[in-house]
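Only one structure is covered here, and it is reproduced in the block below.
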């Protein structure tokens, strides 16, 4: 069970919103880059987000270049999962490979600041603030195992290859 607060974003949050190109020099200093995560979409996000919180977005989250460090600094900032109506495919796989769940669901009924509980295996989001329960697309079993291990590299180190 994941628990945290919702930080709501709109449509088309790109990898440049997540990790601005002007900060490319910080790619070798990811803890410093994480202090700037999403600052072009919400300048206060990095200072407000706490461990366990959620990014809740509309459509096309993570579009743009395939910056692998974009989902990584989101995870480093403490975000436990991203909920969105749709996500760019390369961002989705990068996030899963780095151990950051991305859940595809209708986010319209979630407001900024709502307290959420997410059960990955059950495919449910309980909005504690307003009482709504949402469902999200089932995460394939192999991806759940990757997420359980914290990402693809820890998974392969433990199991040596894919298993079901």
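Values in this text are rule-based calculations from the coordinates and carry no lab data. Remember, it's a predicted structure, so these values are computed and weren't measured experimentally. Here the Cβ positions follow ideal geometry from the backbone for every residue, glycine too, while neighbour counts run over all protein chains shown.
For the chain, what does -39500 (n - 2.57) per DSSP helix run (n ≥ 4), summed and divided by total residues, give at 222 nm, in deg cm²/dmol to the nearest 500?
Here the helix-only value at 222 nm equals -6500 deg cm²/dmol.
Compute the Rg/Rh shape ratio of segment 2-159: radius of gyration over Kirkwood radius, all on alpha-carbon atoms.
0.94
Rounded to the nearest angstrom and ordered from largest down, what semi-axes does the equivalent ellipsoid of segment 67-164 get from its C-alpha gyration tensor (root of 5λ)?
Equivalent-ellipsoid dimensions as semi-axes: 25, 15, 12 Å.
Hey, how much of the P(r) for segment 80-135 falls beyond 12 Å, as a percent of Cα pairs?
66 percent
So, R0 is 22 Å and r is the distance between the beta-carbons of residue 48 and residue 130; what FRET efficiency does that work out to, to 0.05?
0.60
So how far, in whole Å, is the C-alpha centre of segment 24-47 from the one of segment 62-138?
If we compute the Cα centre of each part, the gap is 19 Å.
Can you work out the FRET efficiency for the pair residue 144 and residue 22, with r the C-beta to C-beta distance and R0 = 41 Å, to the nearest 0.05?
Once rounded, the FRET efficiency stands at 0.65.
First measure r as the distance between the Cβ atoms of residue 29 and residue 161, then evaluate 1/(1 + (r/R0)^6) with R0 = 45 Å and state the FRET efficiency to the nearest 0.05.
After rounding to 0.05, the efficiency reads 0.85.
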